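The values are calculated or read from the model by the stated rules, or taken from the named source; none is laboratory data. Source: prediction; values computed, not measured. With ideal geometry, Cβ positions are generated from the backbone for all residues, glycine too; neighbour counts draw on all protein chains shown.
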2 protein chains.
Amino acid sequence: MSSEKGMLIVLSGPSGVGKGTVRKAMLKDATNKFKYSVSMTTRPMRPGEQDGVDYFFRTKAQFEEQIRQGGMLEYAQYVDHYYGTPLKYVQDNLNNGWDVFLEIEVNGALQVRKKMPDGVFIFLTPPDLASLRHRITGRGSEDQSTIEKRMEQARQEIKMMSNYDYAVVNDQVPQAVKRIEKIVQSEHLRVSRVIDSYRKMIGDK
Amino acid sequence: MSSEKGMLIVLSGPSGVGKGTVRKAMLKDATNKFKYSVSMTTRPMRPGEQDGVDYFFRTKAQFEEQIRQGGMLEYAQYVDHYYGTPLKYVQDNLNNGWDVFLEIEVNGALQVRKKMPDGVFIFLTPPDLASLRHRITGRGSEDQSTIEKRMEQARQEIKMMSNYDYAVVNDQVPQAVKRIEKIVQSEHLRVSRVIDSYRKMIGDK
């Protein structure tokens, strides 16, 4: 069934839950055959980050031009910076039969859900809110009002879980990765994704 | 989340595809935590079979009494014999938080789908129709018209796949078992199955 369209896999979840860490662990696992869609952002590059690997780092003007041209699958602003997913890479790879993996913020995931409802939408959750608070304050780089704002945002985002197909607890990164991999393998067995092949097999198509 | 309702897992598929073999392999795997619902039948016991293990073997009168009392989750007649699933065992175990596993014919699976749409419905498929023909004739115990009848029935049943959630190819029994186990684990992460727990976690319920 290699001639079939690829599957879109969207990993999202509240700020601070560890989406990036889980994504990086997934990319290191050589058994995963998907293409990772690198996001685009206008935020400054941090030490250790690479353009085209962690993000495509662009100016605000460049990003807004991309939006105007309809070139973004999704985008949003967080703390005065744009973050988004270039459309072309995703579309080209899906059409060529590759699974495409996105790790994006919840607002972006909602936009993608509307445009590509066949995707597999996975919500990464903290083991509990106390742990989420610990992770956010543990960074040590934020003031109290920022923390409170993020906590309220997290509560809102957990409510958004109902827009997703799966909820994966990020208690241990290797466990979360395994759960996501099982979801991906299992989704490839969905009747809605394979029935056309079977119709051909019995000569109905 | 042990206080939650269990999940119903329904394995079905065309005659001769090897449902029983896959089911037995699943029951041998000690990591599976589900309760297996033994079917009831009026067909005669075969050598090596045990009442209450392979089937509950009952008379036609007993089976029809059970139907009249509304005690069957599903039932059907094949080659003049009744086959069906007693309702009480399934209901009691689901209510007590156990996953319940059924291995039943396609007509029965459709009846269960209507009554318990939240179940996970898995369709076991032959690698291809040629292989199915081989398996059916390979039994060596059927005449040509029986074989033709079964082939036509198989074509019809493969068309019924659209009523299922997943299609699992039975190319190798251990592989089929692994696929089913992944589906079960993955389905336990479905937002629709766990969101109430999360609502409680953030105090919304």
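Observations on the structure shown:
- Given (1) acidic (Asp, Glu); (2) at pLDDT below 95; (3) over 22 Å from B:TYR55 (Cα atoms), number of the condition B:GLU181 does not satisfy: (2)
- Residue among B:ASP196, B:ASP204 that alone is loosely packed, with under 15 Cβ neighbours inside 10 Å, at the interface with chain A (Cβ under 8 Å from one of its Cβ atoms), at pLDDT below 90 and outside any strand (DSSP E or B): B:ASP204
- Residue count for segment B:1-24, restricted to those that are within 30 Å of A:PRO127 (Cα to Cα), among the small types (Gly, Ala, Ser) and surrounded by fewer than 17 Cβ atoms within 10 Å (Cβ to Cβ): 2
- Segment A:177-193 residues that are facing chain B (nearest Cβ under 9 Å), paired with ones that are of a type in the set (Ser, Thr, Tyr) and surrounded by fewer than 21 Cβ atoms within 10 Å (Cβ to Cβ) (beta carbon under 7 Å, 6 or more apart): A:VAL191/B:SER162
- Failed condition for B:ASN32, given (1) under 18 Å from B:GLU103 (Cβ atoms); (2) modelled with pLDDT of 95 or more: (2)
- Some residue of segment A:58-73 being on the phi < 0 side of the Ramachandran plot, in contact (Cβ under 8 Å) with a residue 40 or more places away in the chain and in contact with a Lys or Arg (Cβ under 9 Å, 6 or more places away or on another chain): yes
- For segment B:154-194, a residue qualifies if it is within 14 Å of the chain's Cα centre (by Cα) and among the hydroxyl-bearing types (Ser, Thr, Tyr), and the qualifying residues are B:TYR164, B:TYR166.
- Long-range neighbours under 9 Å by Cβ, at least six apart or interchain, first residue more than 7 Å from chain A (Cβ to nearest Cβ) and assigned to a strand (DSSP E or B) within segment B:163-175, second modelled with pLDDT of 95 or more and exposed (fewer than 15 other Cβ atoms within 10 Å of the Cβ): B:VAL169/B:GLN175
- Top-ranked residue of segment B:92-112 - restricted to ones that are charged (D, E, K, R) and under 11 Å from the mean Cα position of the chain (by Cα), ranked as modelled with the lowest pLDDT: B:GLU105
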